[in-house]
Amino acid sequence: MQACLANPGAFRDCAQGAQSIVILIAVVVGGLWTLFTFTALGSRKRAQRELFEQAVVTLVTEAIQIQVPDSDLLTVAVTTTMTNTGNRNVYVDFENYSPVVVAPIIFDGDGRAFSGSPILGRLEGIRSLTLRSGALQRYSAFVTVPHKGLYYAEFQARVSEIEGQVYATTAPATPEPVESPMLLWNDMTYSIVQ
């Protein structure tokens, strides 16, 4: 110890050695604290859960022909049940688009099926909704169709901007970047109109 104090060069070497020991101890203690925090306190699982927390919405759509009293119109009733099975609330916006689409299925001479011109159905009085975690909501729309035949009915709910941001951070990379993808929750079914 006296040799370190007597010679300035030796003092510098002793100080550097002490500094190295202190840094080593700090790194070891910090590493042990991090290990304790992520394992014993469950921070790792919580951090992973929060990182990949996104909405999980299930849609079930049904379409049936109904007879409107005192009318000869051909009408399809489309009912969709939207269930939030995720662990956070979901905002759904129906502004400026029709979430219900019904279209005839047309068969050509070779038996191939094509969809005809879509008919848009409206959800009257519903502009937006916050679907709470674990909740379900039913939507119904009535669509008048022009003729008998096979129709498909689809319900589309646009993904909110927040869900789009979650998707953008977790989606696989694409060869060509997409600037603003239209992300939808959707479900479809078929109905025969007679």
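The values are calculated or read from the model by the stated rules, or taken from the named source; none is laboratory data. Bear in mind the structure is a predicted one, so any value in this text is a computation, not a measurement. Positions of Cβ are generated from backbone atoms using ideal geometry, with glycine treated the same way; all protein chains shown enter the neighbour counts.
Checking each residue in region 121-142 for being part of a strand (DSSP E or B), surrounded by 13 or more Cβ atoms within 10 Å (Cβ to Cβ) and of a type in the set (Gly, Ala, Ser) picks out 121, 140, 141. Considering 151, 167, the condition of being in contact with a Phe, Trp or Tyr (Cβ under 9 Å, 6 or more places away or on another chain), surrounded by 12 or more Cβ atoms within 10 Å (Cβ to Cβ) and either modelled with pLDDT under 80 or not aliphatic (A, V, I, L, M) (or both) is satisfied by 151 alone.
A Cβ distance below 8 Å, combined with a sequence gap of six or more or placement on separate chains, defines the contacts here; from region 115-135, residues that are without any contact (Cβ under 8 Å) to a residue 60 or more places away in the chain reach residues that are part of a loop (DSSP other than H, G, I, E, B) and basic (Lys, Arg) in the pairs 133/88.
If you check residue 34 against the conditions, is it at pLDDT 80 or above, assigned to a helix (DSSP H, G or I) and surrounded by 11 or more Cβ atoms within 10 Å (Cβ to Cβ)? It is true that residue 34 is at pLDDT 80 or above, assigned to a helix (DSSP H, G or I) and surrounded by 11 or more Cβ atoms within 10 Å (Cβ to Cβ). Scoring residue 89 on the criteria (1) loosely packed, with under 12 Cβ neighbours inside 10 Å; (2) touching a Ser or Thr at 6+ places or on another chain (Cβ under 9 Å) leaves a single failure, condition (1).
Within region 129-155, being among the β-branched types (Val, Ile, Thr) and in contact with a Leu (Cβ under 6 Å, 6 or more places away or on another chain) holds for 144, 145. Within region 77-120, the set of residues being within 30 Å of residue 55 (Cβ to Cβ), modelled with pLDDT of 90 or more and not in a strand (DSSP E or B) comprises 99, 118.
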